[in-house]
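What follows is a single structure, written as structure tokens, with notes after it.
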Amino acid sequence: MANYELPSLPYDYDALEPHISEQVLTWHHDTHHQGYVNGWNSAEETLEANRESGDFSSSGSALRNVTHNGSGHMLHDLFWKNMSPEGGSEPTGTLADRIEEGFGSYEAWKGEFEAAASNASGWALLVYDSFSEELHNVVVDKHDQGALWGSHPILALDVWEHSYYYDYGPARGDFIDAFFEVVDWEEPTERYEQAVELFE
Ligand code: MN3
């Protein structure tokens, strides 16, 4: 039986102020992220009960709930970890080299990522795609629409309105700028190195 649990934030709720307020982080983590964890558990319970009963009439919608809520849980987990109060710098080392190789420069990557974040109805992701063996920026709608299917998320930016509206109103660009004041490349670099080790 699946029983996913909400991990604690890796820092205090007020740790990313003034860029992201304590109030937004509290709602975002305790209510929204918790909701995706609960939704995933509930969908898995439905699927398991249906396998036992042999009545699959509600399994199609439950499977949709797995990708929506499961992806929501996964991406929020990455999002919290790729920010920190010590963040705000540029990537270094292996991932920085790969970004330069793939996009031409860090600035070119960042401009494209910001365009993804401005366009998305969900998330902007930097992913390592195991099919092409390349880095890509990806525009994600909701939590699960727009994926490259070989993707391993490296860096995640949540641009759902619950992520910024209380702090920035409709000025999403100001929130995207604020994200780069707290972005922490340590976890993304580890995720990139793990993906490369698996697939190259
Ligand atoms: Mn969110």
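The values are calculated or read from the model by the stated rules, or taken from the named source; none is laboratory data. Only a predicted model underlies this, so the values are computations on that prediction, with no experimental measurement involved. As a convention, Cβ positions derive from the backbone with ideal geometry for all residues, glycine included, and neighbour counts pool all protein chains shown. With ligands, DNA and RNA removed, areas are computed over all heavy atoms of the protein, side chains included. Shrake-Rupley method; radii C 1.70, N 1.55, O 1.52, S 1.80 Å.
Descriptive notes on the structure:
- The stretch 39-117 - charge dipole about Cα centre, Lys and Arg +1 at Cβ, Asp and Glu -1, debye rounded to 20: 180 debye
- The modelled label-to-label distance between Glu86 and Phe180, using points 7 Å beyond Cα along the C-beta direction, is 2.3 nm.
- Within the chain, all pairs of alpha-carbon atoms sorted by distance into 10 Å bins from zero give the percentages 9, 33, 35, 18, 5, 0.
- Close amide H pairs (under 5 Å, H built 1.01 Å from N) link Ile154 with Leu126, Val127, Tyr128, residues at least 5 positions away or on another chain.
- Accessible surface calculations at 1.4 Å, restricted to protein heavy atoms, place the chain at 50 Å² per residue.
- Helical mean residue ellipticity (222 nm; -39500 (n - 2.57) per DSSP H run of 4+; nearest 500) of the chain: -16000 deg cm²/dmol
- Principal axis dimensions, largest first and in whole angstrom, of the stretch 87-128 by Cα: 31, 23, 18
- Helix 172-182 and the long axis of the chain differ in direction by around 80°, with both axes built from C-alpha atoms.
- Gyration tensor verdict on the stretch 1-106 (Cα atoms; rounded if a/c is under 1.5, prolate if a/b is larger than b/c, oblate otherwise): oblate
- Nearest-20 debye value, the stretch 63-200 charge dipole, Cβ charges on Lys, Arg, Asp, Glu: 620 debye
- Surface share of carbon and sulfur [accessible, 1.4 angstrom probe, percent] for the chain: 47 percent
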